[in-house]
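Below you'll find the structure, written out as structure tokens, and then a few comments.
Throughout, read-outs are computed from the coordinates displayed, never taken from laboratory work. Nothing here was measured: the structure is a model prediction, and the numbers come from that model. In this analysis, Cβ positions are derived from the backbone assuming ideal geometry, glycine residues included, and neighbour counts consider all displayed protein chains.
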Ligand SMILES: Cc1cc2nc3c(=O)[nH]c(=O)nc-3n(C[C@H](O)[C@H](O)[C@H](O)COP(=O)(O)OP(=O)(O)OC[C@H]3O[C@@H](n4cnc5c(N)ncnc54)[C@H](O)[C@@H]3O)c2cc1C
């Protein structure tokens, strides 16, 4: 299996690596780049926990091939905070207890940031809709929704 | 883990045809990958050369032309369809069907053409395209052909596409004027699931007569338009009699199976309930 050379930006840093065509973007992030914030669970698009931003839009990285991201820009949960300072949304997750085991948290943060960026004042319905590709088995979702809404209110 | 794969990403249709000719049955088109990567992982899909079409500019068209209708290119994502106000207003049955597919994240990658080429009996866009009488534009090295969507599906996960052929776009003609379209999808949970049964309806007036078109997902080996039920509705009688006649005929034409989402008996009952519900709405609105 011939490896392909790909160049991309991840969390602002440019990288060039060689990958086999059967490796996913999820594999690239976790195994090649050792960024373990992005979680591997169902690997069939159902749970959404491997969600990252690809050129600014959320994608389930288990359903994207690494070779497909040549020339693209990727943001993972590690790329959200700036200079060691948590984002408003990350702080709100802590304040609202929007996590228990924490396994799904990176994906919810990624989608939460994406939503607030394109729609600074989403309604509750819009938040719920944006999150419906992600599974959480601890929180019952309510604190997550409240955390996102608290940040959107703060921006008023 | 995915099996060993080769990958190419042609930039033009000509390059695409070359790759397809070279690899023949080994090659498979990769659009959003939301079906293909799962079936490769499950070893259901045997092809080992993926041809990514997302770099081919010609396949990126989403365009409405008065008279001709709506053109949806092979790489147009469900997200783009959902964001189109024109589609929402002019083709509500298609818009509603697309809205029910997967979730917001999935729709960033998944394409409408991928949904029909995958040819699942549960493909949600298919009933809508059936009642809108869409056509599928197919291209290959040899040339092009246009096939009505009701001739496109041939079995579970099977289409009329031959080796070397690619769907370039779907063309959805102008719907009848003042038509009413709706897609009803029954799921086990309120979102993110395949249909237990889905029903698309289009109602419109021909002169003073109310006409309907009906098509279904998850009730037969392929998505299915049931013209006999449409005709049964058209014949004489009170509105109630006409609806019940259509419901009976529809339930006789489907051949549902039992699976994790529901039993055959339940599906059969849903066909009746949803058909009746849809027809009542059309009688009220159109
Ligand atoms: C979590 C999840 C939820 C889902 N929910 C739904 C749902 O609610 N309803 C539903 O209907 N589906 C659902 N799906 C299935 C899938 O997302 C859709 O069918 C989607 O529209 C497929 O599009 P794609 O671009 O990802 O196709 P791909 O996976 O890229 O391709 C699908 C198939 O079509 C072929 N193909 C693609 N484009 C062409 C072309 N231009 N010419 C010839 N062949 C082509 C490919 O070779 C492949 O065999 C779901 C999938 C997942 C993972």
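Here are a few things to note about the model shown:
- Zone residues, the stretch B:262-286, relative to residue B:208, backbone N less than 19 Å from point 7 Å out along Cα-to-Cβ: B:283-286
- Remark: spin-label model distance residue A:16-residue B:269 equals 6.4 nm, labels positioned 7 Å along the Cα→Cβ axis.
- From helices alone, chain B scores -10000 deg cm²/dmol at 222 nm; the rule is -39500 (n - 2.57) for each run of n ≥ 4 DSSP H residues, then divide by the residue total.
- Förster radius 51 Å - calculated FRET efficiency between residue B:241 and residue A:55 (Cβ-Cβ, nearest 0.05): 0.35
- Gained length - residue B:145 relative to residue B:39, 0.36 nm times residue gap less alpha-carbon distance: 35.3 nm
- GNM flexibility winner over chain B from B:227, B:145, B:137 (Cα, springs under 10 Å): B:145
- Surface/4 of the Cα convex hull for the stretch A:1-95, nm²: 6.5
- Antiparallel bridges, percent of DSSP beta bridges restricted to chain B (to nearest 5): 85
- Among B:12, B:159, B:77, residue whose mean-square fluctuation peaks in a GNM of chain B (springs only between Cα atoms under 10 Å): B:12
- Panel order for B:193, B:236, by other beta carbons found within 10 Å of each beta carbon, from fewest to most: B:236, B:193.
- Using a cutoff of 8 angstrom between alpha carbon atoms and counting only pairs six or more residues apart, the relative contact order for chain B works out to 15 percent.
- Extension gain for residue B:187-residue B:68 works out to 39.4 nm (0.36 nm per residue, less the C-alpha to C-alpha distance).
- A:8, A:103 arranged by Cβ crowding within 10 Å, fewest neighbours leading: A:103, A:8
- Mean sequence separation of contacting Cα pairs (under 8 Å, at least six apart), scaled by the length of the stretch B:125-206, corresponds to a relative contact order of 30 percent.
- Contact order, relative form, for the stretch B:46-129: 25 percent (alpha carbon pairs under 8 Å, 6 or more residues apart, mean separation divided by residue count).
- The stretch B:96-221 shape via C-alpha gyration tensor axes, a/c threshold 1.5: oblate
- Cβ-derived FRET efficiency at R0 41 Å, residue B:60 paired with residue A:137, nearest 0.05: 0.60
- Between A:69, A:128, A:13, the residue with the greatest mean-square fluctuation in the GNM of chain A (Cα pairs under 10 Å linked by springs) is A:13.
- Computed over the alpha-carbon pairs of the protein assembly as shown, the distance histogram in 20 Å steps reads 24, 53, 22, 1 percent, short to long.
- The calculated P(r) of chain B, using every Cα pair and 10 Å bins from 0, goes 7, 29, 34, 21, 8, 1, 0 in percent.
- B:129, B:62, A:86 arranged by Cβ crowding within 10 Å, fewest neighbours leading: A:86, B:62, B:129
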